[in-house]
1. Please state the equivalent ellipsoid semi-axes for the stretch 57-265: what are the square roots of 5 times the Cα gyration tensor eigenvalues, largest first, in whole Å?
2. Mean separation of Cα pairs under 8 Å and 6+ residues apart, divided by the residue count of the stretch 105-247: what relative contact order is that in percent?
3. Taking a ≥ b ≥ c as the square roots of the eigenvalues of the Cα gyration tensor of the stretch 44-85, is the shape rounded (a/c under 1.5), prolate (a/b larger than b/c) or oblate?
4. From the phi of every residue in the stretch 239-254, what ³J(HN,Hα) in whole Hz does the Karplus formula 6.51 cos²θ - 1.76 cosθ + 1.60 yield, where θ is phi - 60° and glycine or proline is x?
5. Which order do 172, 152 take when ranked by solvent-accessible area (1.4 Å probe, heavy atoms of all protein chains), largest first?
6. Using a Gaussian network model on the chain with a 10 Å cutoff between Cα atoms, which of 236, 225, 187 fluctuates the most?
7. Which whole-number percent of Cα pairs in the stretch 1-123 have a distance greater than 20 Å?
8. What angle, in degrees between 0 and 90 and rounded to the nearest 10, separates the Cα long axis of helix 98-109 from the longest principal axis of the Cα atoms of the chain?
Amino acid sequence: MSRRLNRNLLTTMAYVIVILWLFPMLYMFLSSFKFESQVAVPSLTFTPTLDNYRAVVTPEFFKYLSNSVQITFGTVIVSAVLGVLAAYALVYSGIKKANSIYFWFITTIFLPAVAVITPIYILLAKAHLLDTKLALILLNTGAGIPLMIWMCTTYFKEIPGEIIEAATIDGCSKAGTFFKIMLPLVKNGIISSALLVFVVTWNEFFFAVTATATQSATLPVYMSKFMTQQGFFWGKMSAAGTMVVIVPILIGFFTYKSFVKGLTAGSVKG
């Protein structure tokens, strides 16, 4: 009886947490169909309208969307390639002070962006990279590679050393061992790590609003355009926010199995 009560309490708490977590997105979604005057006064009863989406989904929106897609996928590809190679090297190549190098990468994750934005801005200006997609890919890759190394190192460490020894005895080269044996074994971990990099890059705002102007700005910057001196256009911001979160939600929905497997693979010692 006591176990059943505890199980029911945990289930109830889980539902409450899920509702609280989903409420902001649900409220944003509902607000996107309200007139501006209706958004100012919270209410579940309102007259639906598509005016906010008509105002948001413009040729300018698709330009920002294209920038976000190119920058995000460019960041994910570069971060995944370099991060996976670096993680493999740190675990299996016998580099001196590998742990120190690993922890150096990890500490860069906690470095606040505002602390380095001034020298970064000057460097980008000197290199004529301001308001370019390449600049944002480089900046986001700087955050994506440490995240990939952090997670992929754990997955590589979970692979028994006997597998590498057996491949070496069979005459498999280091490159062959990496591509034919190691990568398939950590595939789910790489996918989950890449998804995290995708979400972080897709939502990144600080570097995007600082290093871009009109040519390479992303969707989060586009959303900020509805914050004006005349006030906040909450309905249009809600419509833009709904459009922005659709992409990561859909990707997460179709890849959640690999995502969950990747996250749990590195947490349980096999």
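1. Working: eigenvalues 273, 81, 37 Å².
Largest first, the stretch 57-265 gives 37, 20, 14 Å.
2. Numbers: 82 pairs, mean separation 42.0, N = 143.
Across the stretch 105-247, relative contact order equals 29 percent.
3. On the way: a/c = 9.71, a/b = 2.52, b/c = 3.85.
Oblate.
4. 5, 5, x, 4, 5, 5, 7, 4, 4, x, 5, 5, 5, x, 5, 7
5. 172, 152
6. Result for the chain, Cα springs under 10 Å: 225 fluctuates most.
7. Values: 5623 of 7503 pairs.
Tail of P(r) above 20 Å: 75 percent of Cα pairs.
8. That helix lies at roughly 0 degrees to the long axis.
The values are calculated or read from the model by the stated rules, or taken from the named source; none is laboratory data. This one's a predicted model, so the numbers in the text were calculated from it and none came from an experiment. All accessible areas refer to the heavy atoms of the entire protein, side chains included, with ligands and DNA or RNA removed. Shrake-Rupley method; radii C 1.70, N 1.55, O 1.52, S 1.80 Å.
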